[in-house]
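Trainee: Below are the C-alpha cells for one structure; questions will follow.
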Amino acid sequence: MIDLLKLVKYDWKRNSSYLLVVGCLFIVAQAALTVTGQINHWANELLYVLAFLLYLAVSVAVCVTICRTYERNLRYFNRRLLPLPALYTVLSPLLLGLASLIVIVVLGVIHLLTLCLTLDTGSLLVSDILAEKGFWSMMVSGALLIVMIFLSITFAKVFAGKAGVWIGVAAFFAIQLICNWLEDFLFPQMSVSTDEFFQSVSEQISNTPAGVKVETLVPNFWGPLVFETVVILVLIYVMTYLINRKVQMNG
C-alpha cells in the first residue's frame, strides 16, 4: 500500500502544475460567473446551470489528465521495470482522479452553500444530494467509463504501430456496446447511466425557504449498480493480465 501511495505521489508531481492551473482558472471562472450574474440580475436557474457546466468542464479535464497519465505509465520503460504489481499501474491514476474528484466535490459543496445564501434560495443540505441514488449511479457509471478508456489504451499498447491505436478505439466501442447490451438484457427499462440520471432529476429553484429540491426516481437501483461495479473489477483484472503478459516493454 505504501508503494502504491508513492506511485500516486509521483503521478501527482508530474501533473500538479497543470491541475493547479486548471483549479485556479476554475475558481476564478466560478467567482466571475457569480459576480456577473448578481450584477446583471440573471435568473437563479441560469446561474446554477452555468455553474454546473463549469464543474462538468473541470471534471472532464481531470478525466483526460488521468487517462494521459495511465498511457504514459504504460509507455515509460523505467516505470514498467519497477518491481511492483501491475495492479498498481492501474490504481495509481485512478486514485489520483479520485482525490481530484473529492477536491471538486468539497469545492462544490462550499460553492453551493454560498450560492444558496447569496441568491437567497434556501439551504440545500449535502445529505440531500448524497442520499440520492441517482448521484451514486452517476458516479459509478463515470468510473466505469474511465476504466473502459483505460482498457482500450491497454489494448492499443498490445499492438505496435498505428494499428494499435485503431484497435484500441474499436475495443472501446465494442466493450461499451457489450456492457450496455448486457445491462439492458439483465435489467430491462433500467439504466444507471449519466443520461438517465439527468433525465430523472428535477431541480426546482425558487425564492422560498428550502426552495432547492433534488428529486430522482431510479427504480431497481441496486441491480445495475452492482453489475457495473462487477464490470469495473473484471476490466481491472483484464488490464492487469494484459500488462503482465502482453503489453510491450517499449510501448
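Trainee: Can you compute the FRET efficiency between residue 6 and residue 173 using 1/(1 + (r/R0)^6), with r the Cβ-Cβ distance and R0 = 51 Å? Round to the nearest 0.05.
Mentor: Numbers: r = 35 Å, r/R0 = 0.69.
Step by step, r from the Cβ atoms, then E = 0.90.
Trainee: Through the Karplus equation 6.51 cos²θ - 1.76 cosθ + 1.60, θ set to phi - 60°, convert the phi angles of the range 99-115 into ³J(HN,Hα) values in whole Hz; use x for Gly and Pro.
Mentor: Values, residue by residue: 4, 5, 5, 4, 4, 4, 5, 4, 4, x, 5, 4, 5, 5, 5, 5, 5 Hz.
Trainee: Taking loop as defined by DSSP and a crowding limit of 14 other beta carbons within 10 Å, which chymotrypsin sites (Phe, Trp or Tyr not before Pro) in the range 1-96 fit? Could you put the intermediate results ahead of the total?
Mentor: Details: sites: 10, 12, 18, 26, 42, 48, 52, 55, 70, 76, 77, 88; in loops: 42, 76.
Those that pass, being in a loop and sparsely packed, are 76.
Trainee: How large is ³J(HN,Hα) for each residue in the range 175-185, as worked out from phi by the Karplus curve 6.51 cos²θ - 1.76 cosθ + 1.60 (θ = phi - 60°), to whole Hz, x for Gly and Pro?
Mentor: Ordered by residue, 3J(HN,Hα) equals 5, 5, 5, 5, 5, 5, 5, 5, 5, 5, 5 Hz.
Values quoted throughout were computed directly from the atomic coordinates according to the rules given, and no laboratory measurement underlies them. Since the model is a prediction, treat every value here as computed from it, not as a measurement. Heads up, the Cβs are rebuilt from the backbone with ideal geometry, glycines too, and the neighbour counts pull from every protein chain shown.
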